[in-house]
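Novice: Sharing a structure with you now.
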Amino acid sequence: MLDKTDKKILTILQENGRITNSSLAKQIGLSPPAVLERVKRLESSGVINKYVAILDPPLAGYSVQTIVMVCLSHHQIQSLQNVKERLTQMSEVLEVYQLTGEVDFLLKVAVKDMSSYTEFVNSKLSGIPGIQNVKTSFILDTLKNNTALNLIEGE
């Protein structure tokens, strides 16, 4: 269970994962050793999963981003597990969500250009047994890209 101090720490770390422990402690109002102990506990419990640098795909050379909806032809355990493993191992796939409803998986894909996307669909995605249908929507503009959870509001 996260207390108010944990939530403050997590909120600050979501905005700036590179903040020094001493600056974090100052903002929280606790000693650096106390804050470090809390951060280590949040890391070891899995609440803090990892620290990453979030890149701007076009500036990093990945000008084509898509949302891909994947429907399966059958849903046997072995086939489903194979599809999951194959999708999560593809470097072009940034995110994979298994869904309920008409679409089985939703993917966010980033590639350098259209020919790279064509190669991805033809050589990788279409080669996975059990995939019946693939629908692609190209991302025109990102209006909001927030990976931070709102932990403070609505307590």
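The values are calculated or read from the model by the stated rules, or taken from the named source; none is laboratory data. Just so it is clear, the model here is predicted, and its values are computed rather than measured. Every residue, glycine as well, gets a Cβ built from its backbone with ideal geometry; the counts of neighbours run over all protein chains shown.
Novice: For the structure I just gave you, tell me whether Asp141 is acidic (Asp, Glu) and at pLDDT 95 or above.
Specialist: No, not satisfied.
Novice: Here is a further query. Mind counting the residues in the stretch 13-39 that are under 22 Å from the mean Cα position of the chain (by Cα) and either more than 21 Å from Met1 (Cα to Cα) or of a type in the set (Lys, Arg) (or both)?
Specialist: Residues flagged as under 22 Å from the mean Cα position of the chain (by Cα) and either more than 21 Å from Met1 (Cα to Cα) or of a type in the set (Lys, Arg) (or both) within the stretch 13-39 amount to 5.
Novice: Out of Gln98, Gln65, Gln76, which single residue is over 30 Å from Ile9 (Cα atoms), of a type outside the set (Lys, Arg) and modelled with pLDDT under 95?
Specialist: Matching residue, one of Gln98, Gln65, Gln76: Gln76.
Novice: Which ones in the stretch 102-120 are assigned to a helix (DSSP H, G or I), hydrophobic (A, V, I, L, M, F, W, C) and surrounded by fewer than 17 Cβ atoms within 10 Å (Cβ to Cβ)?
Specialist: Met114 - this is the single residue of the stretch 102-120 that is assigned to a helix (DSSP H, G or I), hydrophobic (A, V, I, L, M, F, W, C) and surrounded by fewer than 17 Cβ atoms within 10 Å (Cβ to Cβ).
Novice: Within the stretch 85-101, is even one residue within 25 Å of Leu149 (Cβ to Cβ), within 19 Å of the chain's Cα centre (by Cα) and assigned to a helix (DSSP H, G or I)?
Specialist: Checked against the condition, which is being within 25 Å of Leu149 (Cβ to Cβ), within 19 Å of the chain's Cα centre (by Cα) and assigned to a helix (DSSP H, G or I), the stretch 85-101 yields at least one hit.
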